[in-house]
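Comments concern the structure below.
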Ligand code: SRM
Ligand code: SF4
C-alpha cells in the first residue's frame, strides 16, 4: 500500500518546526493588518487566531485576532485576573470570554495591539503557547474547591501534565517576549525537533481532562485522554481510571466524522500520570491520520484499532501494565452556584456567567463588579468548563461585603438565573468564529427565556435540563453530551439533538435536522407536554427521551 500524501499542514509544520514562520517580521510591519496564510497556521500554536468581524459586511472588513490563554485547571491568581481584565480593556473588545476548557479568550484584538497583549499576558506569568494548534491543549480539571480533599492533588497533577506536554520551541519567547525574529540560521534552531512532538507535532489537537467522581463537571469522556480519580477506603487518592478516544467534532453530511465517548482503558497510580499522558499523546502522534485532518483525532484511532490494541500499545510505550479499571460512577455534572464552604473553612462563590462572556452591560456590570471584588478581597479565580467563574478562598467575614459589592453592580446572587439557564452553554460562534454557520452565544439567552415559558406551560418549570448550543457541528460547547443540543446548520437553522444524561456519560442523537430558529419552541413544546405526562418519578428529560422516544424510533 502506498503511504497517503501528508496534508498541507504536515508539510508546513515540517518546513518550520520552530513554528516561527515570518510572524515577527509581519508584527513589526505597521502597514500589514494581517499575516500570511502559512503564518496564520503557525500563529495557532501561539494561541492566536486571525479572524474577521462577521457583523461587518462588504469591503470594509477588518482583520481582528482572538487570543486564548493556556491555563491548566482554570486557576489564576487575583493579580493575573486583574492583568487580564486590564488587557481586555486596553487591547481587546473590553470583554473576557470564559471558554469551555477553563480558559480566557480575548476577542477583537487589532494587529497593532497584538504584540502588547501577548507580552502583557506573559508579564502576568500566563501564556498562550499551545492554547491552539496541533499539540496538547489546555488540561482541564474540576475547579470547585474540593470538599473531599482530592481537588488540590488532582489540579496539581493537571498542572504537571500540562507542563510536561508543552512544546519546547524558543520561537514563542523570541517573538512575544524578546520581540525579535528567531534566527533560523542559529545551529540551536536549525533543524529543531521538539523532544516530544518531533518536527511535525501532532496530526491534530489533543485534549486531556481530570475528573473526580461522582461529579463529571469536565465532560471527561469528551476528551482524547481522561484521568478519572479513584479514592481509596480512607478517601485518599488511590489512582486514576484512564479513558481515551473521546471527542465531539463532526461535519454536516460527512458520516465518517462523529462524536465519540472515550473508552475506559485501565487503572494507574498517581505517580504514573505524566508518563501515561505522554504515552497516550505519542500514540496519537504516531498513529493519527496525517493525510486527512477530518479523520486525524485520536478517537478514530481508538474506533478503528480497538481498546485491546490501544492498551497493549500504551503498555509497550510506558513499560508497565495497567491494572483493570476500578469501579466508579458519575451521577451529575455542572457547577456549584452561590456560596459554599471549603474543606479548610474558607468559602467559595460560584458565579453564573451567561455564555461565558464577562462584560459590562446596562444594569449588569459583571466585569467591573468582578474587578472590584478581586481588587478588594483578592480571591483565587477558577474558570469552569461550563463557562462560569468561581471565586475561592474567601474568609467567612468577607462574604457579606462580596455579595454587596456584586449587587451594587447589578450582579445579584439571589438572582443568578433559573436552573435551566444555569445548566446551559453556548459556543462563541458569530461574529468572530470563522466556522460559525448560525448564531450561538448571542442567540441562546433569548431562546432559553422562550423555553422556560414553554416548559412552564407544560407544568415542568424550573427543571435543570442541560441545553447546549453551537453555531456549527464542531461541538465546542459539547452539544452532543446535552439533554437538548442545538447545532447550527445554516443562518437561523439548527439541528436538534436529544438524549444526553445528567452524568454526561451518554451521547445524544439527532432528532430533527434543519429546524428554523423561529420554530424550535414549536417543535419542542409537544415533547415537553409528553415528558410532563409520561415521566417516571424524578426522571430527567434526557432519560425520558432515551427510554421513550428512542424506543419509539427504534422499537
Ligand atoms: Fe473549539 C475550532 C472556540 C472548545 C471542537 N473552536 C474552534 C475555533 C478556533 C474556530 C476556528 O477553528 O476557526 C473557535 C474560535 C471561536 C472564537 O471566535 O472564539 C473555537 N472551542 C472554542 C471555545 C472558545 C468555545 C467556547 O464557547 O468556549 C472553546 C475553547 C476551549 C479552550 O479554551 O481550549 C472550544 N472546541 C472546544 C471543544 C470542547 C472541549 O474541548 O471540551 C470542542 C469539542 C471537543 C473536541 O475537541 O472534540 C471543540 N473547535 C472544535 C473543532 C472540531 C474538532 C474536530 O475534531 O473536528 C474545531 C474545528 C477544527 O479544529 O478544525 C474547533
Ligand atoms: Fe465556532 Fe463551531 Fe466552535 Fe461554535 S462550535 S465556536 S461555531 S467552531
**Prompt:** Scanning for something closer than 28 Å to residue 340 by Cα, away from ligand 2 (no atom under 16 Å from the Cβ) and part of a helix (DSSP H, G or I), does segment 160-175 turn up at least one residue?
**Reply:** yes
**Message:** Among the residues in segment 297-309, are any in contact (Cβ under 8 Å) with a residue 24 or more places away in the chain, more than 16 Å from ligand 1 (Cβ to nearest atom), in a helix (DSSP H, G or I) and closer than 28 Å to residue 231 by Cα?
**Reply:** yes
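So, residue 238, is that one touching a strand residue (DSSP E or B) at 6+ places or on another chain (Cβ under 8 Å), surrounded by fewer than 18 Cβ atoms within 10 Å (Cβ to Cβ) and assigned to a strand (DSSP E or B) or not? Even if it seems obvious, please write down each step before you answer.
On the way: touching a strand residue (DSSP E or B) at 6+ places or on another chain (Cβ under 8 Å): yes; surrounded by fewer than 18 Cβ atoms within 10 Å (Cβ to Cβ): yes; assigned to a strand (DSSP E or B): yes.
Taking the combined requirement at face value, the residue satisfies it.
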**Asked** Would you pick out the residues in segment 278-297 that are farther than 11 Å from residue 136 by Cβ and either within 16 Å of ligand 2 (Cβ to nearest atom) or under 21 Å from the mean Cα position of the chain (by Cα) (or both)?
**Response** 293, 294, 295, 296, 297
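Yes or no, residue by residue, for (1) crowded, with 21+ Cβ neighbours inside 10 Å; (2) closer than 24 Å to residue 83 by Cβ; (3) within 13 Å of ligand 1 (Cβ to nearest atom):
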| residue | (1), (2), (3) |
| --- | --- |
| 378 | no, yes, no |
| 402 | yes, yes, no |
| 425 | yes, no, yes |
| 428 | yes, yes, yes |
| 431 | no, no, yes |
**Prompt:** Residues in segment 198-218: is at least one away from ligand 1 (no atom under 16 Å from the Cβ), under 30 Å from residue 14 (Cβ atoms) and out of contact with any helix residue (DSSP H, G or I) (no Cβ under 8 Å at 6 or more places or on another chain)?
**Reply:** no
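Any residue in segment 496-506 that is within 10 Å of ligand 2 (Cβ to nearest atom) and at pLDDT 95 or above? Break it down into steps so the answer makes sense when it comes.
Of segment 496-506, the ones within 10 Å of ligand 2 (Cβ to nearest atom) are none.
Within segment 496-506, not a single residue is within 10 Å of ligand 2 (Cβ to nearest atom) and at pLDDT 95 or above.
Hey, among the residues in segment 441-450 that are assigned to a loop (DSSP other than H, G, I, E, B) and buried (at least 18 other Cβ atoms within 10 Å of the Cβ), which one's farthest from ligand 1 (Cβ to nearest atom)? Walk me through it before giving the result.
Residues of segment 441-450 that are assigned to a loop (DSSP other than H, G, I, E, B), as a first pass: 441-443.
Restricting the remaining residues to those that are buried (at least 18 other Cβ atoms within 10 Å of the Cβ) gives 441, 443.
Numbers: 441: 7, 443: 13 Å.
Looking at the filtered set, the residue picked out is 443.
Can we say residue 18 is crowded, with 16+ Cβ neighbours inside 10 Å and more than 23 Å from the chain's Cα centre (by Cα)? Spell out how you get there, then give the answer.
Details: crowded, with 16+ Cβ neighbours inside 10 Å: yes; more than 23 Å from the chain's Cα centre (by Cα): yes.
So residue 18 fits the description; yes.
Can you pull out the residues in segment 456-477 that are closer than 16 Å to residue 421 by Cα and modelled with pLDDT of 95 or more?
Listed by number, the residues that qualify are 456, 465, 466, 467, 468, 469, 470, 477.
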**Prompt:** If we scan segment 128-140, do we find a residue that is touching a strand residue (DSSP E or B) at 6+ places or on another chain (Cβ under 9 Å), closer than 25 Å to residue 33 by Cα, within 16 Å of ligand 2 (Cβ to nearest atom) and not in a loop (DSSP other than H, G, I, E, B)?
**Reply:** no
**Request:** Would you check if residue 192 is touching a strand residue (DSSP E or B) at 6+ places or on another chain (Cβ under 7 Å), within 30 Å of residue 289 (Cα to Cα) and in contact (Cβ under 8 Å) with a residue 12 or more places away in the chain?
**Result:** no
**Request:** Scan segment 323-336 and give yes if some residue there is within 16 Å of ligand 1 (Cβ to nearest atom) and farther than 25 Å from residue 144 by Cβ, otherwise no.
**Result:** no
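Taking the residues in segment 482-495 that are touching a helix residue (DSSP H, G or I) at 6+ places or on another chain (Cβ under 6 Å) and within 16 Å of ligand 2 (Cβ to nearest atom) as candidates, determine which candidate is farthest from residue 261 (Cα to Cα). Full working, then the answer.
Let us first name the residues in segment 482-495 that are touching a helix residue (DSSP H, G or I) at 6+ places or on another chain (Cβ under 6 Å), namely 483, 485, 487, 492.
Now narrow it down to the ones that are within 16 Å of ligand 2 (Cβ to nearest atom): 485, 487, 492.
On the way: 485: 16, 487: 18, 492: 29 Å.
Per the criteria, the residue is 492.
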**Those residues of segment 68-101 which are under 17 Å from residue 132 (Cα atoms) and within 16 Å of ligand 2 (Cβ to nearest atom), in sequence order** = 68, 97, 98, 99, 100, 101
**Fill in**
Screening 477, 438 for residues that are within 16 Å of ligand 2 (Cβ to nearest atom), farther than 28 Å from residue 547 by Cα and crowded, with 21+ Cβ neighbours inside 10 Å leaves only 438
**Message:** Anything in segment 21-43 that is assigned to a helix (DSSP H, G or I), within 16 Å of ligand 1 (Cβ to nearest atom) and crowded, with 21+ Cβ neighbours inside 10 Å? List them, or say none.
**Reply:** 39, 42, 43
**Tally, over segment 241-252, of residues that are under 16 Å from the mean Cα position of the chain (by Cα), closer than 12 Å to residue 265 by Cβ and not in a loop (DSSP other than H, G, I, E, B)** = 0
**Message:** Looking for something surrounded by 18 or more Cβ atoms within 10 Å (Cβ to Cβ), closer than 19 Å to residue 158 by Cα and more than 16 Å from ligand 2 (Cβ to nearest atom) - is there at least one such residue anywhere in segment 246-259?
**Reply:** yes
**Message:** Here is a list: 33, 29. Which entry is farther than 25 Å from residue 161 by Cα and touching a helix residue (DSSP H, G or I) at 6+ places or on another chain (Cβ under 8 Å)?
**Reply:** 33
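The values are calculated or read from the model by the stated rules, or taken from the named source; none is laboratory data. Here the structure is a predicted model, which is why all the values come from computation and not from measurement. A quick note on method: Cβ atoms are made from the backbone with ideal geometry, for glycine too, and the neighbour counts reach across all protein chains shown.
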